[in-house]
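Asks: Sharing a structure here in structure tokens format.
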Amino acid sequence: MSQESTATPRMTAEDLLGILRTCAGVADDIVLDDKALDTDFGSLGYDSIALLEVTANLERTFHVDLDDDAIKASDTPRDVISMINSR
Amino acid sequence: MNRRVVITGIGVMAPGGIGTKEFWELLSDGRTATRRISLFDPAQFRSQVAAEIDFAPEEHGLTAREVRRMDRAAQLAVVAARQALEDSGIDFDRMNPHRTGVTIGSAVGATMGLEEEYRVVSDDGREWLVDHRYSVPHLYGYLVPSSFAAEVAWAVGAEGPVALVSAGCTSGIDSVGHAVELIREGSADVMVAGAADAPISPITAACFDAIKATTPRNDDPEHASRPFDDSRNGFVLGEGAAVLVLEELTAARRRGAHIRAEIAGYATRSNAFHMTGLRPDGKEMAEAIRAALDEARLDAGDVDYVNAHGSGTKQNDRHETAAFKRSLGAHAYEVPISSIKSMIGHSLGAIGSIEIAASALAIENDLVPPTANLRHPDPECDLDYVPITAREWRTETVLTVGSGFGGFQSAMVLTNPDRRDR
Amino acid sequence: MNTSVIVTGFGVTAPNGLGTRDYWSATLAGRSGIDRVSRFDAGRYPSRLAGEVSGFAAADHLPSRLLPQTDHMTRLALVAAELALADANVSPGDADSYGMGVVTASSAGGFEFGQRELQNLWRHGSRHVSAYQSFAWFYAVNTGQISIRHGMRGPSGVVVTDQAGGLDTVAQARRLIRKGTDLVLAGGVDGSICPWGWVAQMAGGRLSRCDDPGRAYLPFDARAAGHVPGEGGAILVLEDAEAAARRGAGPGYGEIAGYGTAFDPRPGSGGAPALPRAMELAVRDAGLSPGDIDVVFADGAAVPALDRIEADAITAMFGAGRVPVTVPKTMTGRLYAGGAALDLATALLCLRDGVIPPTINVTPEAAYGLDLVTRRPRTAPVRTALIVARGEGGFNSAMVVRRPDDE
């Protein structure tokens, strides 16, 4: 189910922002656009359970295995994009 | 508070401990009942460990129809209720059924039965429009878990106030607290109160996997539940039930009942913070503890033993340590504290009632059960968590606490009633 | 020394109206919210009608962050709670947060959310189950989410007593207030209108199989043949009357004057139904006698044997035809844990306006001996109302509310 596939798609910023919107919504007063890519998840209003939901979705969508704490509140969306695409 | 409420009967269905005697022996010996899951094939799950009961309902007097009709949790509740009744020595045929009530706590109700039936009607998830022609007549009783309280009421012949209480993992404390209140206010004279959960099912395992709440220590199931230990990495799912017979003190004395303990105080608060998360300061649990002690008219220094929530997750055990320090002050460092979840796992809503039973038994036996598997304490959990071995200890007042999803924080104070009369 | 507990506000999410104003005008006009199930294709099932809260777009009412983690019925509950606080003019941030609690009734939790995750598990595997499943479906979800959203840290809880829960939570809230909590949000908002919930409800054997919304749910009618399920309910703000006065809240809608609950004898034991006892306890608890009750909001099961029990209980207490009886849930369907809470809110509106809402579509079976208010609302001086609720398994509860100026 989660075997590494050679056809693993590369993740774009829009992919990640879309997953964030679907899995965790968008906090009031936050605009989830390119400018948000360098803001940490905590500041974007995401808590640990939201990040777990996002992590699980990334694992399924991009066929990767991530550690339990792969995405921390102090990480930014850009950190996650480079982490996924470096796999 | 004029009407005082005492425990006069205890029934327990716990992993490794069917019945009060076996249950207390397990705790006194510090043995663990955690193992690789056998109720379903756990191979695909992150956490494959649980504390299961070897339970054959027919051996406990349930009829074939009762077994078919009731979810496993309801079966455990009914068996525990019958034990409690027998233990109380009350002749229920001579009770006034109108003055006898039931409260049962459960966090997840008939989740096991529901999942089994879901698999059938959905053809293992293939159909969204599930097929009613494959459903069973008792499915409504699984849908709405007040059926558990109804089953217990039928089993004991109660016709007074009857309810299921479901405040996540504090349900077992809140159910008993609710019952105590009903006796105090005069709505009932006898309450059969407790809790039951049987959540060791694929869907429960999957949802706790998803939030990494359960331990992945699959290579060492017997030592997987490690509250307050530095190496702890999640709780171990458990199952079980405990049911108590509660009576008003003077009535209990009048009939010469064996009084196991008095329930002197109870309080619950919400953290209003997060459905699963806890703030590290433990403020709301501390507030619940203080309120429960107030109701019992006792001081922090009166507490002889604390039965901790001690689930063994990283965040809980620190949250709780902070709550003890905040509410008990310097006494927090002196009082023995332990988590029996180290031995019997975390049975969600049921555990609160099981821990009340353990607290009453601690008072009766002057013995503090240990925290098993606590070999290398987390430096941030720097209280006396009674590692490995039970401790003989004069125990007249016990504080038992719980913390649950939804933000619930509950505390209950039990005492030796003779002490309060002195 | 029993504190007077009053209702200072409530929020309604009902199939025939979102918000009190829409609901009450629809209810007085006899407008029903019962129609064909729209949320899934019910064509294959023997029961195909429901009371859905139509036109409810959660995103218009709730923060986006809450949507992925909530079942439909929790969204309705969050809206009802917010409306209730606004109606009572309470901003929880202003007050002592330990002085405010939440007690809600539940029947099946977030069952639609649960069905989706069961499907993810069994169709795709355990790693496809949502992290939110750990709390989104369980019975305590509404209490938890409401307490978090409004920062209420006082004593809270959840009661499950099938369809009697709406009253039992209000009784529990009154208990908490009498013990010292100033304000408690209580009531129920519920609903399991998804295929899995539908099949489980059908198993109870009480769903109507009629396809005509005007004939499907007919309590106390010779044609009664089960009920239509619905979704929604009400959340009420209960306060210590003195605490409410201190904050200048006014007298509110009415006082929770009495409550009683009683459980039926074991099936097959031949014992008498407990409903009369619950009603007597409630009236006595209010310090009233039956003659003081001006209207009865009946449970209205629309199952002949259950209608008979309720009609007998009413006529035994009041005499045949001696008290107006109504079942406004004929316009919403039965809302499970939300139904009795909505009836309570409706009774308070009835006290406020002196008008009894009708029981629609029903031709009363004369043998029941009830003065059923049918077709159109009836104007009457209403000082007290008795609300009756029953849950499957043997739960019976009753509550008396009294106008604020009728001490």
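Asks: Could you size up the charge dipole of chain B around its Cα centre, putting +1 on the beta carbon of Lys and Arg and -1 on that of Asp and Glu, and report it in debye to the nearest 20?
Replies: So the dipole magnitude of chain B works out to roughly 480 debye.
Asks: Let me check I have the definition right: for the stretch C:258-402, take the eigenvalues of the Cα gyration tensor, multiply each by 5, take square roots. What are those semi-axes in whole Å, largest first?
Replies: Semi-axes, largest first: 22, 17, 15 Å.
Asks: Could you put B:Arg391, B:Arg260 in order, starting from the residue whose Cβ has the fewest other Cβ atoms within 10 Å?
Replies: Working: B:Arg391 16, B:Arg260 24.
Placing the least packed residue first, the sequence is B:Arg391, B:Arg260.
Asks: Please report, in cubic angstrom per residue, the volume enclosed by the convex hull of the alpha-carbon atoms of the stretch C:172-304.
Replies: Convex hull volume per residue, Cα atoms: 187 Å³.
Asks: Could you state, as a whole-number percent, how many of the C-alpha pairs of the stretch C:91-135 are farther apart than 16 Å?
Replies: Details: 565 of 990 pairs.
Value for the stretch C:91-135 (Cα pairs over 16 Å): 57 percent.
Asks: Distance from the Cα centre of the stretch C:39-59 to that of the stretch C:377-407, in angstrom?
Replies: Each part reduced to its Cα centre gives a spacing of 30 Å.
Asks: Work out, in µm²/s and without decimals, the Stokes-Einstein translational diffusion coefficient of the stretch C:5-246 at 20 °C, 1.002 mPa s, Rh from Kirkwood over C-alpha pairs. Mind showing how you got there, number by number?
Replies: Values: Rh = 18.7 Å.
In µm²/s, the coefficient is 115.
Asks: Using Cα pairs under 8 angstrom and six or more residues apart, how large is the relative contact order of the stretch A:28-85, in percent? Write out the running numbers ahead of the final one.
Replies: On the way: 42 pairs, mean separation 26.6, N = 58.
With pairs under 8 Å counted, the relative contact order is 46 percent.
Asks: Counting only helical runs of four or more DSSP H residues, what would the 222 nm mean residue ellipticity of chain C come to if each run contributes -39,500 (n - 2.57) and the total is spread over all its residues?
Replies: -8500 deg cm²/dmol
Asks: Okay, moving on. Which of the listed residues, B:Tyr134, B:Ala179, B:Phe228, is farthest toward the dipole's positive end in chain B, when Lys, Arg count +1 and Asp, Glu count -1 at the beta-carbon?
Replies: It is B:Ala179.
Asks: I'd like the per residue volume of the convex hull spanned by the Cα atoms of chain C, given in cubic angstrom.
Replies: 134 Å³
Asks: Please give the average number of partner chain Cβ atoms lying within 10 Å of the Cβ of each residue in C:147-153, rounded to a whole number.
Replies: If you average over the peptide's residues, the count of other-chain Cβ atoms is 5.
Asks: ³J(HN,Hα) across the stretch C:258-267 via Karplus (A = 6.51, B = -1.76, C = 1.60, θ = phi - 60°), whole Hz, x for Gly/Pro?
Replies: x, 8, x, 9, 7, 10, 5, x, 3, x
Asks: For the stretch C:224-265 and the stretch A:11-87, compute the distance between their C-alpha centroids and round to whole Å.
Replies: Centre-to-centre distance over Cα atoms comes out at 43 Å.
Asks: Given H placed 1.01 Å from N in the peptide plane, which residues other than close sequence neighbours of C:Val323 have an amide H under 5 Å from its amide H?
Replies: Answer set, sorted by chain and number: C:Asp371.
Asks: Out of the trypsin sites (Lys or Arg not before Pro) in the stretch B:43-138, which ones are loop residues according to DSSP with at most 15 other C-beta atoms within 10 Å?
Replies: B:Arg126
Asks: Relative to the compact globular guide of 2.2 N^0.38 Å, what is the alpha carbon radius of gyration of the protein assembly as shown, as a ratio?
Replies: Here the Cα radius of gyration is 0.89 times the empirical estimate.
Asks: A further question follows. Please name whichever of C:Gly338, C:Leu370, C:Gly391 sits farthest to the positive end of the charge dipole of the stretch C:258-402, dipole taken about the Cα centre and charges placed at Cβ: Lys and Arg +1, Asp and Glu -1.
Replies: It is C:Gly338.
Asks: Which of rounded, prolate, oblate describes the stretch C:334-407, given a ≥ b ≥ c as roots of the alpha-carbon gyration tensor eigenvalues and a/c under 1.5 marking rounded, otherwise prolate only if a/b is larger than b/c?
Replies: It comes out oblate by the Cα gyration axes.
Asks: Still on this structure: Report, to one decimal in Å, the Kirkwood hydrodynamic radius for the stretch C:42-105 based on all distinct Cα pairs.
Replies: Values: mean 1/r = 0.0689 Å⁻¹.
Roughly 14.5 Å, rounded to one decimal.
Asks: Measuring from centroid to centroid over Cα atoms, what is the spacing of the stretch B:343-360 and the stretch B:29-77 in Å?
Replies: That distance is 15 Å.
Asks: Kindly put B:Lys283, B:Lys21, A:Lys35 in sequence by how many other C-beta atoms sit within 10 Å of each C-beta, fewest to most.
Replies: So the residues, fewest neighbours to most, are A:Lys35, B:Lys21, B:Lys283.
Asks: Please find, in a Gaussian network model of chain B (springs between Cα atoms separated by less than 10 Å), the residue of B:Met95, B:Met191, B:Met13 whose mean-square fluctuation is greatest.
Replies: B:Met95
Asks: Let me ask you something else. Select from C:Leu344, C:Leu183, C:Leu62 the residue whose mean-square fluctuation is largest in a Gaussian network model of chain C (Cα-Cα springs shorter than 10 Å).
Replies: Ranking C:Leu344, C:Leu183, C:Leu62 by mean-square fluctuation puts C:Leu62 first.
Asks: Looking at the P(r) of chain A, how many percent of alpha-carbon pairs lie beyond 20 Å?
Replies: Counting pairs separated by more than 20 Å, the tail of P(r) holds 26 percent.
Asks: Using Cα atoms only, what is the angle between the long axis of helix A:48-62 and the major principal axis of chain A, expressed in degrees (0 to 90) to the nearest 10?
Replies: With rounding to tens, the tilt is 40 degrees.
Asks: Still on this structure, I have one more. When only Cα pairs under 8 Å and 6 or more residues apart are kept, what is the percent relative contact order across chain C?
Replies: The normalised contact order for chain C reaches 23 percent.
Asks: Place a +1 charge on the Cβ of each Lys and Arg in chain C and a -1 charge on the Cβ of each Asp and Glu, then give the dipole magnitude about the Cα centre in debye, rounded to the nearest 20.
Replies: Dipole magnitude for chain C comes out near 660 debye.
Asks: Relative to the compact globular guide of 2.2 N^0.38 Å, what is the alpha carbon radius of gyration of the stretch C:97-216, as a ratio? Before the final figure, lay out each step's value.
Replies: Working: Rg = 17.3 Å, N = 120, 2.2 N^0.38 = 13.6 Å.
Dividing the Cα Rg of the stretch C:97-216 by 2.2 N^0.38 Å gives 1.27.
Asks: Note down the magnitude of the dipole of the stretch B:179-265 about its Cα centre, charges +1 on Lys and Arg C-beta and -1 on Asp and Glu C-beta and zero elsewhere, to the nearest 20 debye.
Replies: Using only the charged Cβ atoms, the result is roughly 260 debye.
Asks: Going toward the positive end of the dipole of chain B, with +1 on Lys and Arg Cβ and -1 on Asp and Glu Cβ, which of B:Ala251, B:Ile7, B:Gly349 do you reach last?
Replies: Ranked along the dipole, the leading option is B:Ala251.
Asks: How high is the relative contact order of the stretch B:1-116, in percent, counting Cα pairs under 8 Å that sit 6 or more residues apart?
Replies: The value is 30 percent.
Asks: Right, another one. Across 20 Å bins from the origin, how do the percents of Cα pairs in chain B run, short distances first?
Replies: Percent of pairs per bin, in order: 30, 59, 11, 0.
Any read-out appearing in this document is the output of simple, stated calculations on the displayed coordinates, not a laboratory observation. Every value quoted in this text rests on a predicted model; they were computed, and no experiment measured them. Note that we place each Cβ from the backbone using ideal geometry, even for glycine, and neighbour counts take in every protein chain shown.
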